[in-house]
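Asks: One structure, pasted below without further comment.
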Amino acid sequence: MADMSASGKPDFGILLLLADQEFVRELRASMAAQGFDEQGRSDGFVLRTLGAAPMTISALAERLEISKQGAGQIIDDMERRGYVVRKPDPSDGRARLLHLSTRGEAALAAARKFHHAYERRLRKAHGDAAIDAVRTVLTAMVGEAQTADPHFRALMF
């Protein structure tokens, strides 16, 4: 089998990585321009997760696949920056649920708006068929188990 790098085509995995980095760079610039300039690495995932439903730090830690202490540090930071609030759980007086603050909801809305505009821009530049094909390939790469997983499904819409 021929060495793909000898073909002169960039490595597919590196292209995926660079495309992701460029997307994140543009997203962060857009968010900063709207006053959300202190975004952390996990903020987007946490915003989407809590936007789908309030949850405890333990449940969030499970979704992030990190320790409860690690999730607590992320939440402490996001709470300090005004994105998250803790409220008593009405069904368990000992537990506290994490909710998006008004600022968190605004940041999530701004990020979603960017995502939609980014895709519209790609569709205008490359056509619907090309973007639909990329979406099909990415969905296949992620796998049906991931796209059907309720933990991740809420993040996709």
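The values are calculated or read from the model by the stated rules, or taken from the named source; none is laboratory data. Here the structure is a predicted model, which is why all the values come from computation and not from measurement. Cβ sites come from the backbone with ideal geometry, for glycine too, and all protein chains shown count toward neighbours. To get the accessible areas, we keep the full protein, side chains included, count just its heavy atoms, and leave off ligands, DNA and RNA. Shrake-Rupley method; radii C 1.70, N 1.55, O 1.52, S 1.80 Å.
Asks: Does residue 60 count as within 12 Å of the chain's Cα centre (by Cα) and part of a helix (DSSP H, G or I)?
Replies: no
Asks: Could you identify the single residue in 130, 125, 95 that is in a strand (DSSP E or B), without any contact (Cβ under 8 Å) to a residue 60 or more places away in the chain, of a type outside the set (Asp, Glu) and more than 18 Å from residue 36 (Cβ to Cβ)?
Replies: Selected residue: 95, the only one of 130, 125, 95 that is in a strand (DSSP E or B), without any contact (Cβ under 8 Å) to a residue 60 or more places away in the chain, of a type outside the set (Asp, Glu) and more than 18 Å from residue 36 (Cβ to Cβ).
Asks: Among the numbered criteria (1) closer than 30 Å to residue 13 by Cα; (2) surrounded by 17 or more Cβ atoms within 10 Å (Cβ to Cβ), which single criterion is violated by residue 38?
Replies: So the condition that residue 38 fails would be (2).
Asks: Which condition number in (1) closer than 21 Å to residue 25 by Cβ; (2) within 17 Å of the chain's Cα centre (by Cα); (3) open to solvent by 50 Å² or more (accessible area, probe 1.4 Å) is the one that residue 65 fails?
Replies: Failing condition for residue 65: (1).
Asks: Mind counting the residues in region 139-157 that are in a helix (DSSP H, G or I), modelled with pLDDT of 70 or more and exposed (fewer than 11 other Cβ atoms within 10 Å of the Cβ)?
Replies: The qualifying residues number 5.
Asks: Which of the following residues is closer than 26 Å to residue 138 by Cβ and acidic (Asp, Glu): 26, 105, 79?
Replies: The conditions single out 26.
Asks: Could you list, in sequence order, the residues of region 69-87 that are open to solvent by 30 Å² or more (accessible area, probe 1.4 Å) and either within 14 Å of residue 57 (Cβ to Cβ) or modelled with pLDDT under 90 (or both)?
Replies: Within region 69-87, 69, 73, 74, 76, 77, 79, 85, 86, 87 qualify.
Asks: So, of the residues in region 1-21 that are open to solvent by less than 70 Å² (accessible area, probe 1.4 Å) and either outside any helix (DSSP H, G or I) or under 29 Å from residue 70 (Cβ atoms) (or both), which turns out to be modelled with the lowest pLDDT?
Replies: For region 1-21, the residue satisfying everything is 8.
Here is a yes/no grid of residues against (1) acidic (Asp, Glu); (2) in contact (Cβ under 8 Å) with a residue 40 or more places away in the chain:
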| position | (1), (2) |
| --- | --- |
| 34 | no, yes |
| 37 | yes, no |
| 42 | no, no |
| 48 | no, yes |
| 58 | no, no |
| 65 | yes, no |
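Asks: I'd like the full set of residues that are among the charged types (D, E, K, R) and either surrounded by 14 or more Cβ atoms within 10 Å (Cβ to Cβ) or in contact with a Phe, Trp or Tyr (Cβ under 9 Å, 6 or more places away or on another chain) (or both), limited to region 93-138.
Replies: 96, 103, 105, 112, 123
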